2 protein chains.
Amino acid sequence: MDRPQEDIIVEHILDAIADQRLRAGTKLAEQALSDFFSCNRAHVRRALATLAAHRVVEHKPNRGAFVATPTPEEARDVFQARRAIETTIGRNAVRNATPADIDRLRTHLAEEQTARQGGNRPRAIRLSRGFHLLLAQIGRNAVLAHYLDELTMRTSLIIGLYGSGGTLCADDEHARIVDAIAEGNETEALELLDRHLRHIEQGIEFRETRPQTDILSSILAAGG
Amino acid sequence: MDRPQEDIIVEHILDAIADQRLRAGTKLAEQALSDFFSCNRAHVRRALATLAAHRVVEHKPNRGAFVATPTPEEARDVFQARRAIETTIGRNAVRNATPADIDRLRTHLAEEQTARQGGNRPRAIRLSRGFHLLLAQIGRNAVLAHYLDELTMRTSLIIGLYGSGGTLCADDEHARIVDAIAEGNETEALELLDRHLRHIEQGIEFRETRPQTDILSSILAAGG
DNA sequence: TTCTAACAGATTGTTAACAATTTGTGGTAT
DNA sequence: ATACCACAAATTGTTAACAATCTGTTAGAA
C-alpha cells in the first residue's frame, strides 16, 4: 500500500461521508483525529490536505478543517456532472458487460433489496452508492470511475443537507437498468440511467442548513 | 486566499506540468522544492499530498514524489473522460454563451494564432489548453470545469510522453468550434468538439519512455 | 573484470516543542 | 440585562531535530 497511515485516515473519513455518518459542516479537529487514529498531527494534516483536494473537506485558515457544505449551485453542477460521466460509464458497461458482470449486478440488487426491506438504512445507502460504483467498474475506465467515486460522496453530502426524509435510489430503477444492460439494449439503459439520476436530483429541496456539532469520535468508530 | 504558501507550490507545479515544462517521471525532491519556495518541508509535503490527490504526482514510499507517468490505458481513459465531460461543457457553452463570451473566444483565438505563427511553442501550448478551459468557464459548471482542468494537465503529460513532435490543438479546429457556438448550432459544435478531441488522441503514439533527469529549479524558475 | 559488501551521504519519515491565532469565560462598566 | 474588554484555554500553524531508509561509491574477493 502507498502511505498506509494517511490513506487509512482518508479512507475512513471518505467512508463516513459516503455513508452519511459524517455530515456537511462537521468540524474535523486535528487533535481528535490524531487521537482516534493514534498518529501524530502531521499525518492528520496531510490527510486533510488530500481530502480538501477531493473537495469533500474545506479548509478555513486558522479555523480548521470542516466537512464540505455544497451550495445549491454546486449541487446542481454535481448532478449534471454525474449525468455526463455516468452516461459514458453506462455505455461502457453495456458494451463490456460479461455474463459474470451481470451476475455481480444481480447479486448486488438482491443485497440492496434485502437491506431495504430489512429497514437497514445505513447499509441501503452504502449499497445504493455501490451499485453506481459497480457500473463504473464494469465500464472499465478508471478515470471516470474515480470521478464518480468523488461525485457520489459529494452526492451523499448534498442529500444529507437537502434531501427529503427518505431520499434513496429506488432499487427498482436499478433493477430495470440491469435488465437493459443484460439485454444489451444500450439506448434503453442510458435512458433509464439518465432518468434515474434526474429522480435523485428531484428528491432534493434546498433549504437553510444548521451548523453541525456532531461528535467526531463516535461517528468514526461506527465505521466498518 | 486559502493556504497561500501551499497553494503557491501546488499552482506553480501544476502550471509547469500544464506547460509541458515538467515532464512525466521528474523527481520532485522535497529539499529542492523547499529551497526554491523558501519554506519548510512540511509545506512541501502537504503540497505533494494535494498534487497526488489530483493524480498528477505519484508518491513512492521512501523514494519520494514524482511527476505522474500515465500508462497507455490511463491515456485512453483520460481521452474518453474528456469527450464525456467536454460534450456537456460544450452544450452548456452553446446555451449560455453571451455576445461578450463570443468576443472572449475570438480574442483568445487571435492570441493563439499569433503565438503559433510567431513560433512561440510554450505560449501556444498554454493558450491551446486555455481555449478548452475558457469553454468550461463559459459553460458555467464549476465541477466539470475543475475536472477538465485536471484532465488537461494529464493530457499535457500524455502528450509529453507519447506525442509526436508537433502535437498541438489545431487552432482552425478551435475557430470552427467558436463559429458553431456563435451560430448557436449545438449539434455542429458538439460534433466538431468531439472530432477535435479524437484528433488530439490520434496524434499520440505509445512507445517506451525514458527515465527523466531534469533539473527542477530551472524548470520552476521558468514559470510565469 | 565483475560481483558483492560495507560504508558515507543524501533523502524521506516521524516526532515534539514552540509560536500565533482563535474561542470561550468571567468580570466590569454602562 | 447587555455590551465590552481582558485573560485563559484550546486549536491551528511553524519549525527544527532526530530516526529510518535509500543511493551511490569504494574496496575487496572470486
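We did not get these values from a lab; they are worked out from the coordinates using the rules stated. Note that the coordinates shown come from a computational prediction; the quantities given were computed from them, not determined experimentally. Ideal geometry is used to build each Cβ from the backbone, glycine not excepted, and the neighbour counts take in all protein chains shown.
Listed values, structure above:
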item: Candidates A:ALA189, A:ALA136, A:ALA145 - the one that is surrounded by 17 or more Cβ atoms within 10 Å (Cβ to Cβ), in contact (Cβ under 8 Å) with a residue 60 or more places away in the chain and small (Gly, Ala, Ser); result: A:ALA189
item: Qualifying positions in the stretch B:53-93 - more than 18 Å from A:ASN141 (Cβ to Cβ), within 16 Å of DNA strand C (Cβ to nearest atom) and touching a helix residue (DSSP H, G or I) at 6+ places or on another chain (Cβ under 9 Å); result: B:ALA53, B:VAL57, B:GLU58, B:HIS59, B:PRO61, B:GLY64, B:ALA65, B:VAL67
item: Qualifying residue in the stretch A:198-221 (condition: closer than 20 Å to A:ALA68 by Cα and of a type in the set (Gly, Ala, Ser)); result: yes
item: Selected residue (criterion: nearest to A:ALA53 (Cα to Cα)) from residues of the stretch B:9-38 that are within 14 Å of another protein chain (Cβ to nearest Cβ) and of a type in the set (A, V, I, L, M, F, W, C); result: B:VAL10
item: Filter result (more than 10 Å from every other protein chain (Cβ to nearest Cβ) and in contact with a Lys or Arg (Cβ under 9 Å, 6 or more places away or on another chain)) within the stretch A:44-62; result: A:VAL56
item: Residue in the stretch A:141-159 that is of a type outside the set (Val, Ile, Thr) and over 30 Å from B:ASP149 (Cα atoms) present; result: no
item: Meets criteria (near DNA strand C (Cβ under 10 Å from one of its atoms) and within 27 Å of A:LEU144 (Cβ to Cβ)) for B:LEU22; result: no
